1. Would you please list the contacts, defined by Cβ atoms under 9 Å and residues six or more apart or on different chains, that run from a residue in segment A:84-105 that is facing another protein chain (nearest Cβ under 7 Å) to a residue that is at pLDDT below 95 and open to solvent by 10 Å² or more (accessible area, probe 1.4 Å)?
2. Kindly indicate whether B:Ala129 is part of a helix (DSSP H, G or I) and either on the phi < 0 side of the Ramachandran plot or open to solvent by 20 Å² or more (accessible area, probe 1.4 Å) (or both).
3. List the pairs whose first member sits in segment B:141-156 and is in a loop (DSSP other than H, G, I, E, B), whose second member is among the charged types (D, E, K, R), and whose Cβ atoms are under 7 Å apart, counting only residues at least 6 apart or on separate chains?
4. Within segment A:69-89, identify whether any single residue is within 16 Å of DNA strand D (Cβ to nearest atom) and β-branched (Val, Ile, Thr), and answer yes or no.
5. Of all residues in segment A:64-78, how many are away from DNA strand C (no atom under 16 Å from the Cβ) and open to solvent by 30 Å² or more (accessible area, probe 1.4 Å)?
6. Out of curiosity, is B:His119 loosely packed, with under 14 Cβ neighbours inside 10 Å and either among the β-branched types (Val, Ile, Thr) or under 29 Å from A:Pro146 (Cα atoms) (or both)?
7. Check every one of the helices (runs of 4 or more DSSP H) wholly within segment B:1-97 and list those with 3 or more residues that are basic (Lys, Arg).
8. Search segment B:6-38 for residues being among the hydrophobic types (A, V, I, L, M, F, W, C) and within 7 Å of chain A (Cβ to nearest Cβ), and hand back the single one that is farthest from A:His136 (Cα to Cα).
2 protein chains.
Amino acid sequence: MAAPKDPRPCSIADTLAVVGEKYSLLVLREVCLGNGRFDQLARNIGAPRDILATRLRRLVEAGVLTRRAYSEHPQRFDYRPTAAGLELEPVLMALKEWGDHHLRHHTDLPMTMEHSCGHELVPVVTCRACGSPVHHDDLTAHPQTPGWTVKGPVATS
Amino acid sequence: MAAPKDPRPCSIADTLAVVGEKYSLLVLREVCLGNGRFDQLARNIGAPRDILATRLRRLVEAGVLTRRAYSEHPQRFDYRPTAAGLELEPVLMALKEWGDHHLRHHTDLPMTMEHSCGHELVPVVTCRACGSPVHHDDLTAHPQTPGWTVKGPVATS
DNA sequence: GTGGGTGGGTTTGATTTTCCAACTCACGGG
DNA sequence: CCCGTGAGTTGGAAAATCAAACCCACCCAC
């Protein structure tokens, strides 16, 4: 029977268990922008302060952020991304690109990103092996867990 | 005053308002894998059926999924990604890559993706203009909305 | 036709989270 | 002394989630 109610094992789900709660990715956004103090976070994100405190504890515990004192007497802290936290930036870039495109049609963007090459950043996901941009139709999923299958490629329609 | 409690305007937040609720991105995962039926979704995701129904309505309404009958008498439906839905795959790839790396250290992965070039997919975010992989330190944020600033690049630890 | 199974949900009621405002504590400035 | 700021904590009301049960239409086997 293999416990028929367990969901599919999946790194996407596991990652969302870490950063998928409401506000968590917005905390990461602000922290990556350099705004790491509690009041700034509360204002810039629009999150209730108690929830923000809970999220910050979780993200520190998960190794995504670090909390460091920038002043003793009075004790004051700010939050910064760890190396692991910075490696979540692709998630933020992908979310931003989708919103810029589908929600704003690339007009009146509230923020743009400049890449060090001098151009505005348009993030493109490529295959590390061959270097070409990745499209849905070029992918084949290979589940490794017995009992979990996929139906295979899907027409968009 | 400009309403001092409003959060920073941001495409990331706007995108999360569409797909950021619990289970939404897992629905998209399953649908992109070709598992688009209600019972399959409920089983593979592990979501309560009422919440799943709510999420599916939202995602269809937002233009991320379409609902189509694959049988009349009895009426039976399945859900598929729209073009806009497929363009959220970079988000899923980024989440999967982070989980594969930081939660599983690239061992015993529950699923792998094969790219059409024949290699296992390792997604890399690159700059469309110059083609090179994007790193945090290569980015400069330019807020376009008056009153919203950033502190600039951040040291990691 | 009767009984069981499947697919796609909706309903019900208990449990958890979220939300918001107010409160605290420790300073620092005028 | 009084006010403001930073970083939270506390309390109670409102909303979302959860699990299980229910519903309806159909199919199949007996």
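The values are calculated or read from the model by the stated rules, or taken from the named source; none is laboratory data. This is a predicted model, so every value here is computed, not measured. Virtual Cβ from ideal backbone geometry, glycine too; neighbours counted across all protein chains shown. Accessible surface is based on the protein model in full, side chains and every heavy atom, while ligands, DNA and RNA are left aside. Shrake-Rupley method; radii C 1.70, N 1.55, O 1.52, S 1.80 Å.
1. Filtered contacts from segment A:84-105: A:Leu86/B:Val154; A:Leu86/B:Thr156.
2. Numbers: part of a helix (DSSP H, G or I): no; either on the phi < 0 side of the Ramachandran plot or open to solvent by 20 Å² or more (accessible area, probe 1.4 Å) (or both): yes.
When the stated conditions are applied, B:Ala129 does not pass them.
3. What qualifies is B:Trp148/B:Arg8; B:Pro153/B:Asp137; B:Val154/A:Arg80; B:Thr156/A:Arg80.
4. Filtering segment A:69-89 for residues within 16 Å of DNA strand D (Cβ to nearest atom) gives A:69-81.
From what's left, β-branched (Val, Ile, Thr): none.
Scanning segment A:69-89, I find no residue that is within 16 Å of DNA strand D (Cβ to nearest atom) and β-branched (Val, Ile, Thr), so the answer is no.
5. The qualifying residues number 3.
6. Values: loosely packed, with under 14 Cβ neighbours inside 10 Å: yes; either among the β-branched types (Val, Ile, Thr) or under 29 Å from A:Pro146 (Cα atoms) (or both): yes.
Against the criterion (loosely packed, with under 14 Cβ neighbours inside 10 Å and either among the β-branched types (Val, Ile, Thr) or under 29 Å from A:Pro146 (Cα atoms) (or both)), B:His119 qualifies.
7. On the way: elements: B:11-19, B:24-33, B:38-45, B:49-61, B:83-86.
Those helices (runs of 4 or more DSSP H) span B:49-61.
8. First, the residues of segment B:6-38 that are among the hydrophobic types (A, V, I, L, M, F, W, C): B:10, B:12-13, B:16-19, B:25-28, B:31-33, B:38.
Now restrict to residues that are within 7 Å of chain A (Cβ to nearest Cβ): B:10, B:12-13, B:16, B:25-26, B:32-33.
Details: B:Cys10: 27, B:Ile12: 22, B:Ala13: 25, B:Leu16: 21, B:Leu25: 16, B:Leu26: 16, B:Cys32: 8, B:Leu33: 10 Å.
Across segment B:6-38, the extreme among qualifying residues is B:Cys10.
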